[in-house]
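Since the structure comes first, as structure tokens, the remarks are kept for the end.
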């Protein structure tokens, strides 16, 4: 644990130059609390490695470091307490490679890749869309979809943007505001003339609160909106944790091609040019496919099987 | 009379009465010479300059014109570096240095350090520095580099904004903090980058962050205490926008109840943008402040049907109460990210046989607007760059007539969208000389393609992104200085620059125009012909605002901050990858070669004659 603490302190110093919420999270997280919430495996591994280092059995140069870039406040993907499925996948990779895991925390929004991976403060992003241009991507390790989220008691069972009932429902979507672009459901709705019954929830949210994008799912549970159309992993995770039982149904994959897609394959990302590491991760993904799938299942990630060729 | 400059600082009042007689005589003379405004203006009607520079725009009319005339075309070849000062912050330096008495004040980009330099001593040593220590997290929120556009002086205080949404007043003599007021929340995407304007006892400031779903506002703070006096939102109900019975917009499109709500889908106004990150001017005679609001967001255009008021709008308000007197929406239902925050030059011009009190606005959408500043009527709107996104401004309805073919649409490739998102010109302020009757506009010449689609990812959510690529417009140059005659609505001369001219301009009674380039040149050109008179090689690209002042030794000095950055220079200041054409919202594509021409910096340069 000593070793891990030292890593955290190092990150904290660097943290002066990092993004929103870091200071808050740092202040709120005592070491003890982090110990409780870290998976026991990685804690043991850390202690073992720390002991090995302290006792001089291995030199620091021999301990490989797996430096992961991650958002400190965005479940179910990742958080600083290691509670996200991307944290678990990072643990799995570190174990497989016999490496010591460390994080650079940065909110995953504009500037994320530039300030983390490209700034070389870390070497791996656990989740990015396959073919994501700013990075070099591995083989995809899962495919998910946008989903409709409704309260189960309403028994709406929506699966298409062309469902006439949508026109009279209050619909929530994420707002991204990326130079004239928003999340695909927002476009699909406006194409069908649904404007006035659509409510936007900022993907950025208020970063002082935990997991800001989850406000969209909270709004379904609270009855603020009738239906949310959200990215599957986020919806699947929070739907099972809301006070009201929620139903999650995938958006029909055939909606609105070719400009709009609702199914995305997710891969890992490394720095462009880091092909050796990418190849190593590709092999690891193939080797650990079942364990990765288990983690995704544990977190309720809706998965779309690859189309057989 | 042409080019009368409203200069009404308390320091200037002493010379005011002597000038009144001169002005009256001049007015009479001008009445007889209305057909020849340029030569009339050369009689130099403005009040003599007191040699200070107490706000970024120099005067309330925002002319950035100084009557100092020691430096002229005839002697400028002898202009030499007098001294320099390193700010220690190597990010985009957009601020104007201030000179109050024998002290110079400069405010840096984040972490927004305020330095006081003693001009009465050789080399202008530092008197003190004040560090507001803004929250580091603000850097992750700022859209386009962590710039600051400068401070303002009033009643013994230096007032400026910090990136983490605070306004701070510092004792000009001691550097001690007098008050500090938090006005917004970085965790909601708000930042502050603009320079305050102090009018009477009110400090006027606005927010940045339109891309993040921020709701724009202008806020007045009490200069003495920092307490909020009023806040006018750019969207929402008339009550929130401070629209009351005294609101008399000129055009029908701007008339009606609660248009800040009614011209949006339900509730979209709550996150509608219209941030106030640009310039304010003040007309003491009408007792009106003028400023513009940013673009609407974060919905796409087709998701926010309606005019989306009051985004991309010029407001005229009473500075004491914030009450809106008129508003004119420049780009209703903006499609191209054309913020309406540029400078408003308040000039009195002879137009069609009458002297009109006008507001001249070189706008991001590519037109130079001339508005009656009492009523908001558009007297003319003339293109000053190549425009494809709109056809014209209809003077009857006041409406900008869009070209539907250039509306960005997902899944469609749209080429030659001109001007590109940063507009014909962005924040970089123009100047105006009453001697030449010309406005010196620093601007860019950029178009963009709204291209293919690719996977993007924010906060764990994938989406199909737009690929915006900007590039040089017709002629192949990316920047330009245009000398514009606002009376005859025509270009008189222009200078092409390789990179966007992202610095302000300064014009003096020596008939010299100063500006800087992103490839490290500080230039002086003739105010009448644009002829290059002098240039100096600095250590980094210039995106700041040149100023001039009379030093304690009686000599005229010219000062400018060098340090490339801003939206245009982020490729250098933030170290963007030149291979990523879509970086900096597509601007990086147009600036790929900038890293070969300049490096980061943060140095003040001050020049004088020997």
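Each value in this text was obtained by applying a stated rule to the coordinates, not by laboratory testing. Note that the coordinates shown come from a computational prediction; the quantities given were computed from them, not determined experimentally. Cβ: placed from backbone, ideal geometry, glycine included. Neighbour counts: every protein chain shown.
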For region B:404-507, alpha-carbon Rg relative to the globular expectation (2.2 N^0.38 Å, N residues): 1.36
FRET efficiency estimate (nearest 0.05) - Cβ-Cβ, residue A:162 to residue B:354, R0 56 angstrom: 0.40
- request: Kindly provide the Kirkwood hydrodynamic radius of region B:227-312 in Å, to one decimal, from all pairs of distinct alpha carbon atoms.
  value: 13.8 Å
- prompt: Which shape class, rounded, prolate or oblate, goes with region B:158-217 when its Cα gyration tensor gives a ≥ b ≥ c as root eigenvalues, a/c under 1.5 marks rounded, and past that a/b bigger than b/c marks prolate?
  reply: prolate
message: Relative contact order for region B:10-608: what percent, with Cα pairs under 8 Å and sequence separation of 6 or more?
response: 14 percent
query: Can you sort B:463, B:514 by how many other beta carbons sit within 10 Å, fewest first?
result: B:463, B:514
message: If I model a spin label at residue B:270 and residue A:242 as a point 7 Å from the Cα along the Cα→Cβ vector, what separation in nanometres do I get?
response: 1.7 nm
task: Report Rg/Rh for the protein assembly as shown, rounded to two decimals, where Rg is the Cα radius of gyration and Rh the Kirkwood radius.
output: 0.99
statement: Only helices counted: for the protein assembly as shown, with every DSSP H run of 4 or more residues adding -39500 (n - 2.57) and the sum spread over all residues, [θ] at 222 nm is -4500 deg cm²/dmol
- line: Looks like region B:10-608, by Cα gyration tensor root eigenvalues a ≥ b ≥ c and the a/c under 1.5 rounded cutoff (else prolate when a/b is bigger than b/c, oblate otherwise), is rounded
query: Taking neighbour Cβ counts within 10 Å as the exposure measure, how do B:480, B:343 sort from fewest upward?
result: B:480, B:343
field: region B:114-153 residues near the modelled residue B:81 label - backbone nitrogen below 19 Å, point 7 Å along Cα→Cβ
entry: B:122-126
- line: Cα gyration tensor of region B:537-594 diagonalised, 5x eigenvalues square-rooted, in angstrom largest first, produces semi-axes 34, 9, 7
- prompt: For residue A:252 and residue B:70, what does the FRET efficiency come to when R0 = 60 Å and r is the distance between their Cβ atoms, rounded to the nearest 0.05?
  reply: 0.20
task: Compute the length gained on full extension between residue B:180 and residue B:413: take 0.36 nm times their separation in residues and subtract their Cα-Cα distance, giving the result in nm to one decimal.
output: 79.1 nm
statement: Shielding of B:387-400 by other chains, given as the mean Cβ count within 10 Å, works out to 0
- line: Cβ density ranking, 10 Å radius, fewest first, applied to B:508, A:249 yields A:249, B:508
- line: Quick calc: nm separation of the 7 Å Cα→Cβ label points for residue B:403 and residue B:553 -> 5.4 nm
- prompt: How far apart, in nm, are the 7 Å Cα→Cβ label points at residue A:96 and residue A:279?
  reply: 1.7 nm
message: Within 10 Å of each Cβ in A:105-112, how many Cβ atoms from other chains are there, averaged over the peptide?
response: 5
- prompt: How much length, in nm to one decimal, is gained on full extension between residue A:152 and residue A:206, taken as 0.36 nm per residue of separation minus their Cα-Cα distance?
  reply: 16.7 nm
statement: Averaged over the residues of B:292-305, the number of partner chain Cβ atoms within 10 Å of each residue's own Cβ comes to 5
- prompt: Using the C-alpha atoms of region B:81-122, what convex hull volume per residue, in cubic angstrom, is computed?
  reply: 80 Å³
message: For a protection proxy built on the mean count of beta-carbon atoms within 10 angstrom, sort B:386-397, B:130-141 highest first, please.
response: B:130-141, B:386-397
message: Taking every pair of distinct Cα atoms and averaging 1/r, then inverting, what Kirkwood hydrodynamic radius in Å comes out for region A:136-280?
response: 16.2 Å
message: Calculate the FRET efficiency for residue B:128 and residue B:488 from the Cβ-Cβ distance with a Förster distance of 41 Å, rounded to the nearest 0.05.
response: 0.25
